[in-house]
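Trainee: Before anything else, here's the structure in question.
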Amino acid sequence: MDFLTSTTHLHITAWFIGIILFLIGALKPNKGLHMALRVIYLLIIVTGGALFIKAMEFGQNLNYGIKLILGVLVIGMMEMILVRRSKDRPATAFWVLFAIFLFLTLFYGFKLPMGFHFLV
Ligand code: HEM
């Protein structure tokens, strides 16, 4: 399964498409788009999970554990926001959590050993 872990590009592509679909769906709730986004969640988890398994070589298990949990929380917040939007219920608290978790996930992801290093 080398293609999943030789670079981080597949993972980045998956979460990037996911966030775009999520933002479109949050502006204007749409059932089909929500289903498509759920497929993208799986791709994010599979590509992230493959990187996670590979990461065991680097011995930063705590940091990788935190990255994994943060990534799952971002997905959880996206799902909560879309479900609450579709039921016309307020989602403000979830938007705040989404922003915090997304920031931390990007920070950890880019800081960890594989792939890009924008943050020294
Ligand atoms: C929407 C959710 C997610 C976002 C925004 C996100 C973001 C990122 C970013 C920015 C990177 C760094 C890529 C690079 O340095 O080239 C990354 C890497 C990674 N992600 Fe995610 N991720 C998400 C979900 C997940 C999930 C669910 C998992 C685990 C199942 C996961 C596991 C990983 C792992 C193990 C890495 C490699 C870290 C490294 O050494 O650079 N991610 N992710």
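The values are calculated or read from the model by the stated rules, or taken from the named source; none is laboratory data. Keep in mind the model is a prediction, meaning the values are calculated, not measured. A quick note on method: Cβ atoms are made from the backbone with ideal geometry, for glycine too, and the neighbour counts reach across all protein chains shown. Just the protein is used for accessible areas: all its heavy atoms, side chains included, with ligands, DNA and RNA removed. Shrake-Rupley method; radii C 1.70, N 1.55, O 1.52, S 1.80 Å.
Trainee: For the chain, what does -39500 (n - 2.57) per DSSP helix run (n ≥ 4), summed and divided by total residues, give at 222 nm, in deg cm²/dmol to the nearest 500? Show your work: numbers first, answer last.
Mentor: Details: 5 runs with 93 residues, N = 120.
Result for the chain: -26500 deg cm²/dmol, rounded to the nearest 500.
Trainee: Follow-up. Percent of accessible area on the chain owned by carbon and sulfur, 1.4 Å probe?
Mentor: Details: 5650 of 7500 Å².
Whole-percent figure for carbon plus sulfur exposure: 75.
Trainee: Right, here's the next one. With the cut-off at 19 Å, report for region 6-60 the share of all Cα pairs above it, as a whole percent. Display every interim value, and only then the final one.
Mentor: Working: 541 of 1485 pairs.
Tail fraction, whole percent: 36.
Trainee: So how far apart, in nm, are the two label points at Ala36 and Phe118 if each is 7 Å from Cα heading toward Cβ?
Mentor: A separation of 2.5 nm, rounded to one decimal place.
Trainee: What's the tally of Lys pairs in region 2-111 whose alpha-carbon atoms lie under 29 angstrom apart, where the two lysines are 8 or more places apart or on different chains?
Mentor: Numbers: Lys28/Lys87; Lys31/Lys87; Lys54/Lys67; Lys54/Lys111; Lys67/Lys111.
The number of close lysine pairs in region 2-111 is 5.
Trainee: When the convex hull of the Cα atoms of the chain is projected onto a plane and the area is averaged over all directions, what value comes out in nm²?
Mentor: 7.4
Trainee: Please identify, among Gly71, Gly32, Gly109, the residue showing maximal mean-square fluctuation in a Gaussian network model of the chain using a 10 angstrom Cα cutoff.
Mentor: Looking only at Gly71, Gly32, Gly109, the biggest GNM fluctuation is shown by Gly32.
Trainee: Considering only protein heavy atoms, what per residue accessible area in square angstrom results for the chain with a 1.4 angstrom probe? Could you put the intermediate results ahead of the total?
Mentor: Working: 7500 Å² over 120 residues.
Ligands and nucleic acids excluded, the figure is 62 Å² per residue.
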